[in-house]
1. Please go through segment 121-177 and pick out each residue that is in contact with an Asp or Glu (Cβ under 9 Å, 6 or more places away or on another chain) and β-branched (Val, Ile, Thr).
2. In segment 148-168, which residues are surrounded by 15 or more Cβ atoms within 10 Å (Cβ to Cβ) and touching a Ser or Thr at 6+ places or on another chain (Cβ under 9 Å)?
3. Working carefully through the options ASP374, ASP410, ASP394, find the one that is farther than 27 Å from SER219 by Cβ, in contact (Cβ under 8 Å) with a residue 60 or more places away in the chain and either within 22 Å of the chain's Cα centre (by Cα) or open to solvent by 30 Å² or more (accessible area, probe 1.4 Å) (or both).
4. Mind listing just one residue for me: the one in segment 228-270 that is of a type outside the set (Lys, Arg), farther than 18 Å from SER416 by Cβ and modelled with pLDDT of 95 or more and, of those, surrounded by the fewest Cβ atoms within 10 Å (Cβ to Cβ)?
5. What are the residues in segment 178-194 that are of a type in the set (A, V, I, L, M) and buried (at least 16 other Cβ atoms within 10 Å of the Cβ), if any?
6. Can you name the residue in segment 132-150 that is part of a strand (DSSP E or B) and touching a residue at least 60 places away in the same chain (Cβ under 8 Å) and, of all such residues, is nearest to VAL24 (Cα to Cα)?
7. Give me a count of the residues in segment 323-352 that are in a strand (DSSP E or B), surrounded by 15 or more Cβ atoms within 10 Å (Cβ to Cβ) and not hydrophobic (A, V, I, L, M, F, W, C).
8. Residues being under 23 Å from the mean Cα position of the chain (by Cα) and not basic (Lys, Arg): count how many of those fall in segment 377-391.
Amino acid sequence: MGRVGTAALHDGAAALPRGFWAAVRVWLEKPQVANRRLCGAAIEAEGPVALGEEASAPLGGGGGREAQAELRRLWREVLGQLPAGQGALPPPLAPWGRRAELRAVLRTLLPRAPPRGPPARELAVQDVCNGTVTFLPLEETREGKYQIKKCNIYQIQLVHMKNEEWSVSITAPFPEDWFSDGVTYPKLAWLGNELLSKLAKWSVEQKPREFKNTLSLISVAKYSKVYQDLKEKYREMVKVWPEVTDPEKFVYEDVAIATYLLVLWEEERKEKALTKKQSFVDLGCGNGLLVHILNNEGHSGRGIDVRRRKIWDMYGPETHLEESTIMPGDSHLFPDTDWLIGNHSDELTPWIPVIAARSSYSCCYFVLPCCFFDFRGKYNRRQSKKTQYREYLDFVTQVGFVCGFHVEEDCLRIPSTKRVCLIGKNKTYPPTEWAVIDKQITQYVNNHQTCAVVGCDRRVGYNHKEHSDAVGKEAGSEIPENDAHSAGTIWMPGFQPREKVEQIRNCASLPRDFVDDVVLKVANLLLSATPQKSCHNMHGGNTNSWNQGESLSLKEVAEHLNKETLKRLKSEYGGLQTLLKNNHQVFEVVNGRVHIRDWRKEKPSRNTEPEVKRRLSAEAFKTRLCWFFIHHPDGCSLPSESCPYAHGTEELRESQIIKKKKHTQ
């Protein structure tokens, strides 16, 4: 009765019960990692609570005096609504002990989509002794008081069975009355399956965190509200996006980054008692959408990029974008700017803390590193114990420390694998020490070309003097007076800015006869490899054997190509693998192995595919010759009527896509 689900746990690493409470904390603070329809949760107050007469005693905890007063008031109201008015829990929930050490957490759940009703608040009560956390949903009455939504009470419990065996369960006392809105209150089956499995996994997981929690430096509640407003405001951009890049990814990613900056800057204005909105310069602004949004939201600023984009013309005169090359030096400083932004700024990323430090004492920066660049060119790995991404983040963090910033790290909520941002908002030195910092920056930049990166000190309470000493030791000598940058100079003569004309290096510009020759060589190599795979094929009732060939690794394929061919492919991004993937009709590359594609195994397009994809597939039908019909010793594995490619020139159709392009020109 009331048991929603139970999961058995084997604790061979002695992670429990500590791991269980860590898992509960994840569900309390970051419910969106399990429930994707939530944006997060706002923890309003928390602290110890008591039963009986002690319930009105003063509490300690987090959230400030007003929040603690609200928690005390809610706790008294809640106790009176539970059975016998004494805080007893309805069966079959495990009861709270009379002398139990209870801790209450008041949270508001934040949905991703705009909420249809009042915010959903919950009081989560932890009983550490009994291994339970009980969730009490709250509903506000017309009188401004809160009552328990009893139909949606549930409890998570950890029980030690024997030795290393434990169990975690979820129980709801009134399952037949459970109300689900599909967002803040999922179905009971979801709690018993999805949530329970995640709690079980998190409880015994001994995986150290490599990055900070998402949105750890700002208010999640504010972020959720601003993001929903901006997403609605700029959603039409997706429909008119003129670039070749994916509109949904780029539009919503820039909306999310703009949201983060707007909330961060609002909190900075309150913290520093500023009345004017911050100004900014976005270095390497790309499509300029981030600049467009920030300008529209009242922040004066501009974006600079080496190459103009088509979409710039759509923004209008209120969005300030410049086509110019940034060369790190004294001619590219921004003394009147509050913030410098580097959003996937590539070769400028490590320079942005330097430019910010030398622009003015008050200039701050925000960078979102993506591609790995040093001061001069591509960044070379120096530590095999870290991932390349973590090592590069530590390098850019250290640059910020050398420049005299207290560098903070946060994770953005964007559709990207590279979503860690670094923020330099406060200085580690007084203005009077700028000359020392400036020399330190010059020394570090000059020596970093040949010296290994000193391990970044990521401890809280960074010691600027110790770090300065470490940088001095790294150079192995005193800082020469003439090493400091002089007026009008470029700080790194060998710096290579991005090219104004973007080179296409995805094998698409290679001569057609060269590509055809490589395709034929690789296909023959796979077909002649032993043992051969033969697949039976049905054509008009006749059974024949179709040679599918053998699979080979990319390395094995490369060994059979001559040096000139490999050299030519190496000049393209991705090389051989890119060329083979581009020839999707013939090859399939899976986990680094190359296969001949068998079109009989291809899944037919479903009606659930987007209308655009279905239309493009129809327009491309029979517009290219079938490679297998011409070159494969057994011909095509599909009959003509089923093959999307033409079996002979008589079947060829003119591409409707090309027709449309001609018509629009």
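1. If the condition is that a residue be in contact with an Asp or Glu (Cβ under 9 Å, 6 or more places away or on another chain) and β-branched (Val, Ile, Thr), then VAL128, VAL133, THR134, ILE148 are the ones that fit.
2. Result: ASN152, ILE153, TYR154, GLN155, ILE156, GLN157, LEU158, VAL159, TRP166, VAL168.
3. ASP394
4. GLU267
5. VAL183, LEU188, LEU191
6. Ranking the candidates gives VAL133 first.
7. Residues that pass the stated criteria total 3.
8. 5
The values are calculated or read from the model by the stated rules, or taken from the named source; none is laboratory data. All values derive from a computational prediction rather than experimental measurement. FYI the Cβ positions are ideal-geometry reconstructions off the backbone, even for glycines, and counts take in every protein chain you see. When the accessible area is computed, the model is the full protein with side chains, heavy atoms only, and any ligands, DNA or RNA have been set aside. Shrake-Rupley method; radii C 1.70, N 1.55, O 1.52, S 1.80 Å.
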